[in-house]
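> Starting off with a structure, shown below.
Read-outs throughout are calculated quantities, based only on the coordinates presented, and are distinct from any laboratory measurement. Computed from a predicted model, the values in this text were never measured in an experiment. Here the Cβ is made from the backbone with ideal geometry for all residues, glycine too, and neighbour counts use every protein chain on show.
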Amino acid sequence: MNYLTEYKVKDGFSKVVKTGDGDLKYIEFGIISLQAGKEYSGATGSAEWAFVVLGGKCNISGEGFSFNAGERKDVFSGKPHTVYIPCGRKFTVKAVTDVEIAWTSSPSDLKTEPYMISPEQVKEAHLGKENYQRDAYLMLTDAFPSSHLFIGEAYVPSGNHASYPPHKHDVDNLPLEVNMEELYFFRFNPEQGYGIQRIYTSDASIDFTCTVKNNGITLIPRGYHPVINAPGYTMYYLWIMAGPVNRKFLSVADPEHKWINGK
């Protein structure tokens, strides 16, 4: 099984990950890239959709809603706008400037209203210590209605590890852990940067290691998933989690390495 793919830049809507890829059951992923004045229209059907504005400005509208989203130049220039549209709704995205938007969807029958999460509503978290420190932005959390989605961003300094000590969230065992698969979408500054991702399970049913580059995407159906950033670069990754029941920011560390946190 291959748990690595990539987005190849092009205009318009690109679905890069579909249900079943990398054994994912609840996450689809793609990018919408529009020049100023261009539009993309669609319908959510039997899924909930979320849009994270990576850079630029746009308007996302439909019957009964209109959101002016986006203000950062790129993912390294501030917090994002995130727009959620529930199942059964039509919408249009219109680019105010050149705009790039990450799209994700998950099966849903939740009846709620579309909403936007502004940069001011984004929660900040500083995670780890020493050379496994990183910063996180938490956008679509359990504070907002959604059937399955939980979305954030991570920023990893030069040479640092992230998702470390290795952790997993593939069993519903509240209040310690939830069952949520995950997807990482990577960017680097400067863009020729790279990192190393490992995905593995205790029973070795998955033991996968790969090099991740700009626009790389890793698919994490289960297991531990640490990542390392190359020295000299800032690593960004958009992380999207989704699971069948519970939506929480909970995980458990690999027992072999949890001592690193003093636990």
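> Under a cut-off of 18 Å between alpha-carbon atoms, report the aspartates and glutamates in cross-link reach of Lys258, not counting same-chain residues fewer than 8 places apart.
Glu130, Asp170, Glu177, Asp203
> How do Cys58, Cys87, Cys210 rank when sorted from fewest to most other Cβ atoms within 10 Å of their own Cβ?
So the ranking, lowest neighbour count to highest, is Cys210, Cys87, Cys58.
> Taking just the C-alpha trace of region 108-263, give me its Rg and Dmax in Å.
Rg and Dmax of region 108-263, Cα atoms, are 15.5, 46 Å.
> With every atom except the alpha carbons ignored, what do you get for Rg and Dmax of region 162-232, in angstroms?
For region 162-232, the Cα radius of gyration and maximum Cα-Cα distance read 13.1, 40 Å.
> Determine the relative contact order of region 21-131: mean sequence separation of Cα pairs under 8 Å and six or more apart, normalised by residue count, in whole percent.
After rounding, I find 37 percent.
> Would you please name the trypsin sites (Lys or Arg not before Pro) within region 28-114 that are DSSP coil residues with at most 16 other C-beta atoms within 10 Å of their C-beta?
Lys38, Lys73, Lys111
> By counting other Cβ atoms within 10 Å of each Cβ, how are Glu181, Glu71, Glu48 ranked from fewest to most?
Glu71, Glu181, Glu48
> Can you divide the C-alpha Rg of region 41-113 by 2.2 N^0.38 Å and report the result to two decimal places?
Relative to the 2.2 N^0.38 Å estimate, region 41-113 comes out at 1.08.
> For a quick check: sort Glu113, Glu153, Glu100, Glu130 by the number of other beta carbons within 10 angstrom, fewest at the front.
Glu130, Glu113, Glu100, Glu153
> In the chain, how does Rg compare with the Kirkwood Rh, expressed as the Rg/Rh ratio over alpha carbon atoms?
0.95
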